[in-house]
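The values are calculated or read from the model by the stated rules, or taken from the named source; none is laboratory data. Remember, it's a predicted structure, so these values are computed and weren't measured experimentally. When we count neighbours, we look across all protein chains shown, and the Cβ atoms used for this are built from the backbone with ideal geometry, even at glycine.
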Amino acid sequence: MSSQVSGVRLAEKLEKEIQELVEAGFYISSSEFIREAVREKLKNMNARSLPDEIAEKEIRWLLKQKRNAGQHLVSTIEVSQELSLPYNQVDKIISKIKGISEV
């Protein structure tokens, strides 16, 4: 099933880089590149599936490392990306941790 979601505006530099890849034969079209980039991003956002208990231990470890490095405010998306955990799982666990104590 194929459908058009929406038009995408890109910075001129990005458009040029994509076009160079197309012209070099890495992709058939800029649309193919964008579809692959979206698939890869979605795959990375949901890269690992861990039980909440194990994910929570990893999140607490990462937050402790960040605090020790002087970074007290860490975004949910940053934690999700650094640990390759699904955003929704990280959001739920961070909300739980905040309910217990300040992150």
Next item on the list: Just name the residue that is surrounded by the most Cβ atoms within 10 Å (Cβ to Cβ) out of those in the stretch 36-92 that are in contact (Cβ under 8 Å) with a residue 40 or more places away in the chain, under 30 Å from PHE26 (Cα atoms) and of a type outside the set (S, T, N, Q).
Entry: PRO86
Check: Just a yes or no: is a residue in the stretch 53-76 under 27 Å from GLU17 (Cβ atoms) and outside the structural domain of GLU20 (by TED's automatic domain parsing)?
Finding: yes
